[in-house]
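Here the structure comes first, spelled out in structure tokens, and everything after it is commentary.
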Amino acid sequence: MGKIATFSTPLLFQSKPLCFSLLFLTFSLLLAAHFTFSATKCLFRSSPFDPLQGTLFSYPSSYGQHKHAIPTTRSSCTSPISFSDYWQVSDEIQSLLTPPPPPPPSLRFLQRNAATFGGNLTFHERLSYLKNADDHGLGIPCGFFKNFPISSFDRDAMEKCKGVVVVSAIFNDHDKIRQPVGLGSKTLNLVCFFMFVDNATLDRLHFHNLITPQKSSNKFKIGAWTVVRVSSEQLYENPAMNGVIPKYLLHRLFPNSKYSIWIDAKLQLVVDPLLLIHSLVIKDGVDMAVSKHPFFLHTMEEAVATARWRKWWDVSGIRAQMESYCEHGLLPWNSDKPYPSDVPDSALILRKHSVPTNLFSCLIFNELEGFNPRDQLPFAFVRDKMRPKLRLNMFEVEVFEQIAIEYRHNTKIQQGGGRPRNRGSSSALFDNGTYGKCEGYLLDMWGEVESP
């Protein structure tokens, strides 16, 4: 008679304490992994233990550089990004910069003297450079029709920055200087950090003893940042307009840099700039990277919000600007456009200093001087109309919120260089339901058909 097969219970399950211990350990590991990845949400690093710089600067408690951070509430990420190994990234970027590559094709910049820094071009003059940028034998207008008032010492230091540069600016003591965190051990050898300030900001830094005058040198340094004094009274009345000079004319202020990051002074960078440039620009093979706006798709949405919330004092000027763009081909965003949005969050801009990027920056700056310093308003018009085309990475706002911490400004400063707001005018961009030359744009944006 054959034997009956019997199966014994595995030893693992014979011990209830051991079984419960293993289940508890597994649950704990899964929970730890969940919190590890959810803490970064959108950013994944192949080497989370990269060697980091220590504290770059110790601030006095009176300065309050970490007060009034703005919390973020987004709990999901639709398009996370992965960072390569820090050492591989730093070596790759260094190889791109040394030995110096042959000079790429470059723009020729228009040179002349003018009453304003940007030359005070008419809209039709600016429009001609959008469509035929390569056909102007005299070059492209790109600011510097007046001297940019900084010291020769600072100018020499800027020209010596030959790799990656991170730039910010504070005018009228509007923000605080905050140190970047999460920098790798080689980053300060490969990346320059420059902060442009005016006299009002410099006085506040002196007041808090963050900088002290040096008899032997005009150099000011606060942690990673080299502080550059700008005699802004020789430029524009409006501090915001002075700020867009370093924001959009970086390639002219740092003519030997190959890559750059602009960061508004309300932000604190919390990811190494080499990792950002590599992941968002170099790996994607683009000229520029910028975050999508958290709420708006269409330029007109931003224009209406700008008027409604008085982000710029001259509502009639905003309407004239939008009508000029509508008349000359500005279209609302649609899925046929090769970009996911018409409105950026331009507080953080990553650039490769290529011909399309430099041209885009020049053309945007010209629009800002011509109308107002709200740079989201001409963004899509210039991007869509310019030739050659700009290769642009517009990444998710969830990624932006993990790259930088946003803080509130020091004070609520009246826009418009001290101009009084016209409280008698309506904040509505289009009064009485009349849309002027933007009627077709708005009907298209609303999904309606324009009447014949």
**Request:** Please work out which one of (1) over 28 Å from LEU348 (Cα atoms); (2) out of contact with any helix residue (DSSP H, G or I) (no Cβ under 8 Å at 6 or more places or on another chain); (3) at pLDDT 50 or above is the condition GLU406 fails and give its number.
**Result:** (1)
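Which one is modelled with the lowest pLDDT, of the residues in segment 424-450 that are open to solvent by 50 Å² or more (accessible area, probe 1.4 Å) and farther than 25 Å from SER335 by Cβ?
Step one: filter segment 424-450 for residues open to solvent by 50 Å² or more (accessible area, probe 1.4 Å), giving 424, 426, 431-432, 434-435, 437, 439, 444, 446-450.
Then drop every residue that is not farther than 25 Å from SER335 by Cβ, which leaves 424, 426, 431-432, 434.
Details: GLY424: 36, SER426: 47, ASP431: 74, ASN432: 71, THR434: 84.
Among residues in segment 424-450 that are open to solvent by 50 Å² or more (accessible area, probe 1.4 Å) and farther than 25 Å from SER335 by Cβ, the one modelled with the lowest pLDDT is GLY424.
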**Asked** Of everything in segment 150-159 that's of a type outside the set (Gly, Ala, Ser) and under 17 Å from HIS251 (Cα atoms), which residue is farthest from the chain's Cα centre (by Cα)?
**Response** ASP156
**Complete:** How many residues of segment 344-383 are open to solvent by 10 Å² or more (accessible area, probe 1.4 Å), hydrophobic (A, V, I, L, M, F, W, C) and assigned to a helix (DSSP H, G or I)? The answer is 1
**Prompt:** So which of PHE117, PHE145 is at pLDDT 95 or above, open to solvent by less than 30 Å² (accessible area, probe 1.4 Å) and touching an Asp or Glu at 6+ places or on another chain (Cβ under 8 Å)?
**Reply:** PHE117
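Okay, residues lined up against (1) more than 17 Å from the chain's Cα centre (by Cα); (2) among the polar types (S, T, N, Q); (3) crowded, with 20+ Cβ neighbours inside 10 Å; (4) modelled with pLDDT under 95:
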| residue | (1), (2), (3), (4) |
| --- | --- |
| ASN172 | yes, yes, yes, yes |
| ASP175 | no, no, yes, yes |
| ASP203 | yes, no, no, yes |
| VAL227 | yes, no, yes, no |
**Item:** Residues located in segment 120-134, provided they are at pLDDT 95 or above and part of a loop (DSSP other than H, G, I, E, B)
**Value:** LEU121, THR122
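Please go through segment 321-337 and pick out each residue that is in a loop (DSSP other than H, G, I, E, B) and more than 13 Å from PHE379 (Cβ to Cβ).
Residues of segment 321-337 in a loop (DSSP other than H, G, I, E, B): 328-337.
Once the filter is applied, which keeps residues that are in a loop (DSSP other than H, G, I, E, B) and more than 13 Å from PHE379 (Cβ to Cβ), segment 321-337 yields HIS328, GLY329, LEU331, PRO332, ASN334, SER335, ASP336.
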**Message:** Please verify whether PRO340 is touching a helix residue (DSSP H, G or I) at 6+ places or on another chain (Cβ under 6 Å), in a loop (DSSP other than H, G, I, E, B) and modelled with pLDDT of 95 or more, treating the condition exactly as stated.
**Reply:** no
**Request:** From VAL197, VAL191, VAL181, grab the single residue that is open to solvent by 50 Å² or more (accessible area, probe 1.4 Å), of a type outside the set (Lys, Arg) and under 19 Å from the mean Cα position of the chain (by Cα).
**Result:** VAL181
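The values are calculated or read from the model by the stated rules, or taken from the named source; none is laboratory data. As the structure is a prediction and not an experimental result, all values here were calculated from the model. Neighbour counts are summed over all protein chains in view; Cβ atoms, including those assigned to glycine, are modelled from backbone coordinates with ideal geometry. Remember, those area values only see protein heavy atoms, side chains included, never the ligands or the DNA or RNA. Shrake-Rupley method; radii C 1.70, N 1.55, O 1.52, S 1.80 Å.
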